[in-house]
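One structure is given here, and the rest of the page talks about it.
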Amino acid sequence: MEFEPQVVLDGQPLARSEWKQIVDTKEGLVQLRGQWMELRRDEVASLEEYWDSGGALQTSTLSELLQARAREDGAQVEVVLEGDARQILAGLLEPDRLEILEQPPAFAGTLRTYQVRGYSWLTYLERLGLGACLADDMGLGKTIQVLAAILGDKTRNPEAGPTLLVAPTSVLGNWQREARRFAPGLVTYIHHGPQRPKSKAALASAVRGSDLVIASFGVARLDAAVLRRMRWHRLVVDESQNIKNPTAAITKAIRGIKADRRIALTGTPVENRLLDLWSLFSFLNPGYLGTISEFRKTIERPIMREKDRGASERLRGLVRPFILRRMKTNKEIIRDLPEKVERNSLCNLTPEQAALYEAVVKDLDAQLRGEDGIARQGVVLTTLMRLKQICNHPAQFLQDGTEFAPARSHKLARVCEMLEEVEAEGESALVFTQFSEVGKALERLFRSRFGGAVYYLHGGTPRALREHMVQEFQNPDMDRAVFVLSLRAGGTGITLTRANHVIHFDRWWNPAVENQATDRAYRIGQERTVFVHKMVTMGTLEERIDELIESKKQLAEDVVGTDESWLASLDNDTLRALVALDRSEAVVG
């Protein structure tokens, strides 16, 4: 960019003769334009550089312009835009003047007002060649805003290469499914598993024609050399808190990937984690916050050790144009949201879960031969229960005392990730399960992982303890908390409006029962939008039964009754189709 530097007094540029008068004085008091002003030598020295060009236009990058606005020496630098620059940069320096786009015609759905703004903002920063961090609260739709940006870019630039998306393993399938649903015009490819291409030539061949290539953090680290040799049109990092450590192998691997456009997604605040923030910007806009040693010297130490408000303001001014964070408490967002937002959170099976699942399905096929009546019904219901257990966690099915670890279940890993975001937002959640052994395991795991209080209510909880836990959870003075509840014991009769997130870890497959449970938080006294997350494993009976119920929503209670016995009445072929494992959808290693 070209710019003309000026030194201004009371809103009016100084003439060269006036500047010479100031320079000759050096310091002390000087009379200028009929008034006395105090002059300090350091101020004169800092402004001297602006006269070196003899009044000619100077050049600057956009990053340098933004850095000038947040100068370390405290000098006031005002940027006045004119002509084309005003039109082009208005959205960056004057956020209220961001051009709001129409959502892409090929987007299958309707973006909310704040989501259209998010899509417009991502598109705008990409056009300027700048990296963007979308840091909306969990549940506000970061995924679909990014899909809209990719889709809109493809509409304008059909020959653009693929976008590489790096995300936690637990959400790879969810990204692919959301792309199919909201951006059916995008071709997706999941780069994962032991059979994935390992050379540049093989990967280039595999992704040819794809618009969105999806990989896990683990694969991005293992395949860093191959991914680095490719040129990607865009690099998106979901759950970007995974690259907050600048010295970690995964951070270095992702920083080394070449891409023309960069987007980071996170549901956790980033403004107050200073070194994490530097690491994020070393990915988004390399060099913008200086070297790590410069950042520590000029920003981190003054803020953390000396509580330097000036340094805090400088940092805020530097990063604000690149971070869009909307919270559910924003009045703009509240107006745009319904009182209850329900969504399925899709996840895959681990290879261990898939192997167990297939063995149970094979066993069912053998047992169905020759069985009828009550005996057949018992076989079917027992099998469905076993498959549910496998979808939850192998340890629940095996009953062998092995660890209830997130690494063995993508569903459990995803719930832990979601609760980390809930905790970071200072909010609380209810987690429902129909299995007492799962409830106990979740309670133990959550106590070891999260800083807030953790409660577990089940059928055997004494009445006095039950009332005490509810009262303590509802206490407005208490910190964030997680409440694990048995669907039977905790699904009715109590008020837990302190929570604004409800997670159904496993499904009862009866809308009325699930809604009753959700209504522990979504009831009179709730002052916030409630976000309901229903965990569903892809390619399994969980997904197919959910689709069956959703397709008959109006008649759901008549279709499914009050329990799961309706499933036992299905004929053998329908039942086989219902429980069969679709490995192409279900399994991610």
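The values are calculated or read from the model by the stated rules, or taken from the named source; none is laboratory data. Only a predicted model underlies this, so the values are computations on that prediction, with no experimental measurement involved. Note that each Cβ is placed from the backbone with ideal geometry, even for glycine, and that neighbours are counted across all protein chains shown. Quick note on the areas: whole protein, heavy atoms, side chains included, nothing else; ligands and nucleic acids left out. Shrake-Rupley method; radii C 1.70, N 1.55, O 1.52, S 1.80 Å.
Using a cut-off of 10 Å between beta-carbons, work out the net charge of the residues near Trp278 (Lys and Arg +1, Asp and Glu -1, Trp278 not included).
Net charge around Trp278: 0.
The residues of the chain expose, per residue, 46 Å² of accessible area to a 1.4 Å probe. The modelled label-to-label distance for the pair Val379/Leu398, using points 7 Å beyond Cα in the direction of Cβ, is 2.7 nm. Working note: Karplus 6.51/-1.76/1.60 with θ = phi - 60° gives region 335-350 the couplings 5, 8, 9, x, 6, 9, 10, 10, 8, 7, 9, 7, 9, 9, 8, 6 Hz, where Gly and Pro are set to x. The value of relative contact order for region 259-394, using C-alpha pairs under 8 Å at least six residues apart, is 14 percent. Taking a straight Cα-Cα cut-off under 16 Å and skipping sequence neighbours fewer than 8 places away in the same chain, the aspartates and glutamates within cross-link reach of Lys154 are Glu102, Glu126, Asp211, Asp260. Work through the residues other than Glu543 whose Cβ is under 15 Å from its Cβ and net out their charges, Lys, Arg +1 and Asp, Glu -1. Result for the local shell: +3.
Given only helices, namely DSSP H runs of n ≥ 4 each adding -39500 (n - 2.57), what is the per-residue ellipticity at 222 nm of the chain, to the nearest 500 deg cm²/dmol? Please report the intermediate quantities before stating the final value.
Values: 28 runs with 265 residues, N = 589.
Mean residue ellipticity, 222 nm, calculated: -13000 deg cm²/dmol.
Averaging over all projection directions, the Cα-based convex hull of region 134-236 occupies 6.6 nm² in the image plane.
For Ile333, the accessible surface of its heavy atoms amounts to roughly 0 Å² (probe 1.4 Å, protein chains only, rounded to the nearest 10). Volume of the convex hull of region 289-399 (Cα atoms only), normalised per residue: 247 Å³.
Report the full-extension gain for the segment Ala407 to Asp10: residue separation times 0.36 nm, less the Cα-Cα distance, to one decimal in nm.
Numbers: separation 397, 0.36 × 397 = 142.92 nm, distance 6.29 nm.
Difference between extended and current length: 136.6 nm.
Measuring between their Cα centroids, region 94-171 and region 515-553 lie 27 Å from each other.
With all protein chains in place and a 1.4 Å probe, the accessible surface of the chain carries 49 percent carbon and sulfur. Packing, taken as the mean count of other beta carbons within 10 Å per residue, orders the peptides 317-328, 397-408 from highest to lowest as 317-328, 397-408. Using a cut-off of 17 Å between alpha-carbon atoms, which lysines can reach Lys411, once sequence neighbours fewer than 8 places away in the same chain are excluded? Answer for Lys411, where 17 Å is the Cα cut-off: Lys388, Lys440, Lys534, listed by chain and number. Pair-distance distribution of the chain: all C-alpha pairs, bin width 10 Å, starting at 0; shares per bin in whole percent are 3, 15, 23, 23, 17, 10, 5, 3, 1, 0, 0. Partners of Lys331 within straight-line reach, counting aspartates and glutamates whose Cα lies under 20 Å from its Cα and excluding those fewer than 8 residues away in the same chain: Asp96, Asp136, Asp137, Glu339, Glu425, Glu427, Glu527. Taking each residue as 0.36 nm, the span from Asp42 to Val79 lengthens on full extension beyond its C-alpha to C-alpha distance by 11.1 nm. For region 194-264, a simple Cβ point-charge model (Lys and Arg +1, Asp and Glu -1, everything else neutral) yields a dipole of about 320 debye relative to the Cα centre.
Solvent-accessible surface of protein heavy atoms, probed at 1.4 angstrom with all chains present, puts Asp260, Asp276 in the order Asp260, Asp276, largest first. Region 263-325 and region 195-219 have their alpha-carbon centroids 33 Å apart.
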